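Some notes on the structure that comes next.
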Amino acid sequence: MSTPLPFFVYGTLRPGARNHAALLSGRTEEEAPAVLTGAVLYEGPGFPYLVESGSEEDTVHGELLTPRTELYEAVARDLDRLEGYVPGGSANHYDRVRREVRRADGGRAAAWVYVAAGRLALSLAERGRRIEGGDWSTRAG
């Protein structure tokens, strides 16, 4: 595992969502609201995809989750497995990248973020259904 950073989550890993309960409940030290700029969310089959846009006007709302120190490696492996991420893999569903997010208190933090990989990201940007407002938890439908 690379540098131990918190994870910025924006879909089914957020507190109260199904994958948070299955993979993160009781395994975090801190959970705090955060925003990632320069990215948009797209609808997936029951989960969102984050695609980087590069525009500071685009924002994605989520949570900054810090795994408990003694569980960090196990949590990171579980999240990578869920997201279909293999370091250096050419068939990744998502890639895990280091990005800066803005905390609710105005501070900034480096975090791991799962973004749609390669061709999938291009396809979503061209033909995907965008989640307006960048908040999976408040989407319609």
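The values are calculated or read from the model by the stated rules, or taken from the named source; none is laboratory data. These numbers come from a predicted model, not from an experiment. Every residue, glycine as well, gets a Cβ built from its backbone with ideal geometry; the counts of neighbours run over all protein chains shown. These accessible areas exclude ligands, DNA and RNA; they are computed on the full protein's heavy atoms, side chains included. Shrake-Rupley method; radii C 1.70, N 1.55, O 1.52, S 1.80 Å.
Among the criteria (1) over 17 Å from Ala110 (Cα atoms); (2) of a type outside the set (D, E, K, R); (3) open to solvent by less than 60 Å² (accessible area, probe 1.4 Å), the one Phe8 does not fulfil is (1). Screening the candidates Leu71, Leu65, Leu120 for the property of being of a type outside the set (Val, Ile, Thr) and open to solvent by less than 30 Å² (accessible area, probe 1.4 Å) yields one hit, Leu65. The conditions of being at negative phi, among the small types (Gly, Ala, Ser), modelled with pLDDT of 95 or more and surrounded by fewer than 19 Cβ atoms within 10 Å (Cβ to Cβ) are met by Ala32. Take the conditions among the acidic types (Asp, Glu), closer than 18 Å to Gly11 by Cβ and either at pLDDT 90 or above or open to solvent by 40 Å² or more (accessible area, probe 1.4 Å) (or both) and apply them to Glu56. Does it pass? No; evaluated as a whole, the condition is false for this residue.
Here is a yes/no grid of residues against (1) farther than 24 Å from Arg108 by Cα; (2) out of contact with any helix residue (DSSP H, G or I) (no Cβ under 6 Å at 6 or more places or on another chain):
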position: Ala17; (1), (2): yes, yes
position: Leu23; (1), (2): yes, no
position: Glu30; (1), (2): no, yes
position: Leu36; (1), (2): no, yes
position: Pro48; (1), (2): no, no
position: Leu64; (1), (2): no, yes
position: Glu73; (1), (2): no, yes
position: Pro87; (1), (2): yes, yes
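Among the conditions (1) touching a strand residue (DSSP E or B) at 6+ places or on another chain (Cβ under 8 Å); (2) surrounded by 14 or more Cβ atoms within 10 Å (Cβ to Cβ); (3) among the small types (Gly, Ala, Ser), Ala104 misses just one, which is (2).
Condition check ((1) modelled with pLDDT under 95; (2) touching a Gly at 6+ places or on another chain (Cβ under 6 Å)) across all residues:
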| position | (1), (2) |
| --- | --- |
| Met1 | yes, no |
| Pro4 | yes, no |
| Ala22 | yes, no |
| Gly38 | no, yes |
| Thr66 | no, no |
| Val101 | no, no |
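Among the residues of the stretch 125-135, is there at least one that is open to solvent by less than 100 Å² (accessible area, probe 1.4 Å) and free of Cβ contacts under 8 Å to residues at least 60 places away in the same chain? Among the residues of the stretch 125-135, not one is open to solvent by less than 100 Å² (accessible area, probe 1.4 Å) and free of Cβ contacts under 8 Å to residues at least 60 places away in the same chain, which makes the answer no. When Ala111 is tested against (1) open to solvent by 80 Å² or more (accessible area, probe 1.4 Å); (2) at negative phi; (3) of a type outside the set (Val, Ile, Thr), exactly one condition is not met: (1).
Consider the stretch 99-122. How many of its residues are out of contact with any Lys or Arg (no Cβ under 9 Å at 6 or more places or on another chain) and under 18 Å from Asp58 (Cα atoms)? Talk me through it step by step, then tell me what you get.
First, pick out the residues of the stretch 99-122 that are out of contact with any Lys or Arg (no Cβ under 9 Å at 6 or more places or on another chain): 99, 103-107, 116-122.
Next, from what is left, pick out any that are under 18 Å from Asp58 (Cα atoms): 99, 103-104, 106, 116, 121-122.
The number of residues fulfilling the criteria is 7.
Within the stretch 74-90, residues that are at negative phi have Cβ atoms under 6 Å from residues that are part of a helix (DSSP H, G or I) in these pairs: Asp78/Leu23, counting only partners at least 6 apart in sequence or on another chain.
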